[in-house]
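Asks: Please find one structure pasted underneath; my questions will follow.
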Amino acid sequence: MADRRTFLKSLAGVTAGLSISNASFGTTTDSDRLGEVLPKRKLGRTGEYVTMLGTGGYHVGWTSERDAQEIIEAALEGGVRFFDTAESYSKGTSEERYGKFLTPNYRDLIFLMTKSTGKDAKAVQEHLEGSLRRLKVDQIDLYQVHSIKTPEDVDSRIKEGVLEVLLKAKQQGKIRFLGFTGHQNPFAHTHMLERTKESDIFDTALMPVNILDQSYFSFTKNVIPKALERNMGILAIKSLADGRFFAKKEKANWTSEDPLIPNYLSIKDAMHFVWSLPVTVLISGNENATFMREKVALARSFTKLSEDQRMALINKVKEIALTGELEYFKKKQA
């Protein structure tokens, strides 16, 4: 218990330095031609400040086109300026919708990131060119090696020239910053950090960060401290454990019963917990504009949780977290 308290306290202490807002984390004077922007946080060593809430591109790809447009518009109206996507999301549909509804009119306002699951240099090059075309941009702000799974997967991608392709694209001005992502195995992340220790090419790392993660196969414990030592920006996903904190998992026009933690936590508890750690952006996927607006409201209402509040939430779900059943996306073996 003492070790966990010390760890969380040290992590949370970093958070204050991330924000360009005042100490309350709830206000900002930043605005643009669309209106007031959500509070921004520093994206590691990039020198960029980006909104603390980001729009997840996966949902933009699989929901209806009308809902996708409304999600994008609600995000912009609410002050979100960070947009996530990937070439693999609905076979490029997510990127195409950004290219239709987002970048033509708002490219100057947003921070745009996408990703490649490519396992070798040729695939990554093809993915990058396809992303630029679908997004209708000449440059991507953040491009990421996507969904690394194991240390062996990391070794294979490096051997097959993935990093060289990205470095060349960055030199050509097609990419501004580089990162990597994964949700399966924290030790794939730590291995990528170790393999790139000398070159130090990565600016960001994307990973699951949620209350359950603190107790089971933890990215927060194993990856975040090492990434912060490299002054990298931390991008948080699965902050709601893919809906498994709640009694029902809702999507677009259907509701499914899942093995969850019914009525244990509120969405506010789950998201404010994550924002109380040294993450730059909490990336949230939303099936419709109503959900997007709810997340915007939670960002605007954020106040940092105390150490005792964070520990109370962790302990509330610790027993069920240790089973690993809720964070189904984590795998200790390939």
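Asks: On a full-extension model of 0.36 nm per residue, what is the gain between residue 332 and residue 164, subtracting their alpha-carbon distance, rounded to one decimal in nm?
Replies: 57.6 nm
Asks: Next up: Please give the contour-minus-distance gain from residue 65 to residue 197: 0.36 nm per residue of separation, less the Cα-Cα distance, rounded to one decimal in nm.
Replies: Gain on extension, residue 65 to residue 197, equals 43.3 nm.
Asks: Hey, could you get me the Stokes-Einstein D for region 105-220, Kirkwood radius over alpha-carbon pairs, 10 °C and 1.306 mPa s, rounded to whole µm² s⁻¹?
Replies: 108 µm²/s
Asks: Given C-alpha coordinates of region 24-134, what is the ratio Rg to Rh with the Kirkwood estimate of Rh?
Replies: Here Rg/Rh amounts to 1.00.
Asks: For residue 323 and residue 152, FRET efficiency with R0 = 25 Å and r from the beta-carbon atoms, rounded to 0.05?
Replies: Plugging the Cβ-Cβ distance into 1/(1 + (r/R0)^6) gives 0.40.
Asks: Further question on the same structure: Efficiency by 1/(1 + (r/R0)^6): what FRET value for residue 77 and residue 136, r their Cβ-Cβ distance, R0 = 30 Å, to the nearest 0.05?
Replies: Calculated value: 0.90.
Asks: Between residue 229 and residue 308, what FRET efficiency comes out of the Förster formula 1/(1 + (r/R0)^6) with R0 = 35 Å and r the beta carbon distance, rounded to 0.05?
Replies: The formula returns an efficiency of 0.85 here.
Asks: Which of the lysines could a cross-linker bridge to residue 226, judged by Cα under 19 Å and excluding same-chain residues fewer than eight apart?
Replies: Output for residue 226: 9, 42, 149, 197.
All of the numbers you see were taken from the coordinates with simple rules; none came from a lab. None of these values were measured; they are calculated from a predicted model. Heads up, the Cβs are rebuilt from the backbone with ideal geometry, glycines too, and the neighbour counts pull from every protein chain shown.
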